[in-house]
1. Amide H of Y467: which non-local residues (sequence gap of 5 or more, or other chain) have their own amide H closer than 5 Å, using H built in the peptide plane?
2. Would you mind calculating the gained length between S357 and L212 on full extension (0.36 nm times residue separation, minus the Cα-Cα distance), in nm to one decimal?
3. When the solvent-accessible surface of protein heavy atoms is calculated with a 1.4 angstrom probe, in what order do K445, K412, K125 fall, highest first?
4. Keeping all protein chains in place and using 1.4 angstrom, which order do R147, R454, R221, R309 fall into by accessible surface area, from largest down?
5. Just to make sure I understand: if all protein chains stay in place, what is the order of S370, S465 by accessible area at 1.4 Å, largest first?
6. List the chymotrypsin sites (Phe, Trp or Tyr not before Pro) in the stretch 388-455 that DSSP assigns to loop (not H, G, I, E or B) and whose Cβ has at most 16 other Cβ atoms within 10 Å. Which are they?
7. Could you run the Karplus curve 6.51 cos²θ - 1.76 cosθ + 1.60 with θ = phi - 60° over the stretch 326-335 and give me ³J(HN,Hα) per residue in whole Hz, x for Gly and Pro?
8. Can you match Cα extents along the principal axes in Å to one of these, (1) 65, 55, 47; (2) 103, 58, 54; (3) 98, 52, 35, based on a calculation from the structure here?
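The values are calculated or read from the model by the stated rules, or taken from the named source; none is laboratory data. Being a predicted model, the structure only gives us computed values, none of them experimental. Cβ coordinates were reconstructed from backbone atoms using ideal geometry, including for glycine residues, and neighbour counts include every protein chain displayed. Each accessible area value is taken on the protein alone, full model and side chains, heavy atoms only, with ligands, DNA and RNA left out. Shrake-Rupley method; radii C 1.70, N 1.55, O 1.52, S 1.80 Å.
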Amino acid sequence: MNTKAVKSIFISLKTQDKKIVLLKYIIYALLLFIILTAIYTSFMMNLGDRSLWLDEAMLAYSFTKRSLDNLTSDILEWIQSAPVLYLYIVKIITIIFGNTEFILRIWSFISFIFLLSFSYYILKKVLNTRYPLIGVALMSNMAILFRYSNEFKPYMCDCSVVLFVIILYYLYHEKKVSKCIFCFSFVPIIWLSNPGCFFIASVLLIEFTDSLIKKNFSQMRFVTILGIIIFISFILHYFHWLNPVMDAGEMAEYWKNKNFSLIPTDYSHIEKQKTLIQELFIYFGYYKYLIFIIVSLGFFINLCIERNRFVNVIYGGIIITLFASILGVYPVQDKLYLFLYHLLAILFFFFLGKSFSDNLVSNIVILAISFVILFSLNGILYYRNFENIYINNEETNQAIDSTGNNIKKNDKLHLYFSSVPRFCYKNKYDTISLAPFEHNVILGKGFFSGGKNRNDIKLITNEDSVYILASHSNGFASEKIVPLVDSLKTMDIWN
C-alpha cells in the first residue's frame, strides 16, 4: 500500500477521534450545565416567600412546639408522622439556624443534591453505565423531584437514603467497608427512612440467597445475624413510633383505595391497578410507556442474562414495596413512591446503555433518544417561572399579613379548619390574637360537609365584621366548605 495513503488514513482517523472526543466533552458540558441549573433552580425556589402548605404546616405544628428532648415522646398532632431521625436532623438544623420555612425545607434540598450525586455514583461505578450524566440530568429535570426538594417532608430524604443503601452494599461487596461498618450503618437507616427498610430487606434477601446457592455458610451466618439485628431495630422503631400512628386509624381510611391487589378478582380491580401504575409513571411525560416497557422487560433480562446483583437489589426493593402495598401498609401515592422515579431512571439507562457498541451511527441514535427523553421533561423550565413555585389556594402568608395590617378593633378573623396549622406557624402559635388586638381569632373546629360543625357557622354569622381565611378549600376539598359559603350567601353579605 502507498505510504502516503496509509499516512492519510491515519491522520483522518486521528482527526475523527479528536472530533468524537470533542463531541463527548460538549455533551458532558451540556449535561453538567443542566444538572447545575437544576440545583440552582431548586435553591431559588426555596427563596420565595412560600407559605407552608397544608401537609407541611400540619407536620410543623407539633415539630415546632416541641423541644429536642420530647420531640418523639408522643405521636404528632394533625395525623402526622415522619421518621424519627429525619425529625431530629431537621430539629437540630432549626436550633442552629432558626425555624423558618426556608430552614425547615433545607434538608430536602440537601437530600436532592445527595440524590443526584448518589445516582451518578451508582450509574458510573456500581452499574458501569456509559454516559451516566444523562440519567442524572433526566432526574434533575423531573418536576416532581423539584417540588419535593423544597418541602418540609421526608420524601426527598427517602430518595437519597434508598440510594445510600445500594451504595453501601456495593462498597461492602467490593470489600471497601468492613462487615462491622456495613452492619451498623443499616441499623439507623430503619429510623431514618421507611422505604430504606424495603431495600435493606432486598439486600439481605439477595445476599442470603446467594450464600445459600454457593453454600457459603459463614456468609449465611453473618447475614442471619445482621437480619436479626436489623429486625430488632425495626421492632423497637415500630412499637415506639409506627404502631401508635397506625392505630390512630384516620390515615388508613384516607389511603384505603390506594393499594395494589395481590390477585385482581374482577375487571374493576384490574382498572384500579392500571390507574395506580399510570399515576406513578405520568411524571415521565410522553415516553412513560417506553420507560415502563424497558424497565419491565429489564427485570427478566437481568434475571436470566445480566444477573447483576445490584440491579436485583433495586428490583427486589420495588417488589417488596409493592408487597407492602398489597398488605395495606404502604399506599400507592407519588410522594410516598418518590424514590421510585430515580430508580426507574437508573434502570432505564442501565439497560439502554447495553445497546451501545462500536458502531458510531448506532451510538448516536441511542444518544439522540436519550436527549429527546431528557428534553421532553420540563421541570427546570416550569420552575424557572417564579410564579409556578406557589401552590394555588395554599399561600396564606400574604393573606395573614394583609389581614393583620387591616383588621380593626372589633373585627374577628375566622380560620377555616385547614388554615389553622398555617396560621399557627405564621403567628408563632398565638391562637388567640392577631396584630395589636386581643381575642380576635376564632379557630375552626372542623369541616362543614355532612352537616358537621354548624357551631362555627353560627359563630361566623353572628359576628358584625369577620375575616375568613380559607385555604386548601378548592378542588376535591371544596365540598368541605360549601355549607359555610351557602350559609353566607343566604345572608346577602357579598355586596
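1. Placed amide hydrogens put K412, L413, H414 under 5 Å from Y467.
2. Values: separation 145, 0.36 × 145 = 52.20 nm, distance 3.59 nm.
Residue separation times 0.36 nm, minus the Cα-Cα distance, leaves 48.6 nm.
3. K445, K125, K412
4. R221, R454, R147, R309
5. The ranking, largest first, comes out as S465, S370.
6. Those satisfying the criteria are Y390, Y429.
7. 4, 6, x, 10, 9, x, 8, 8, 3, 5
8. (2)
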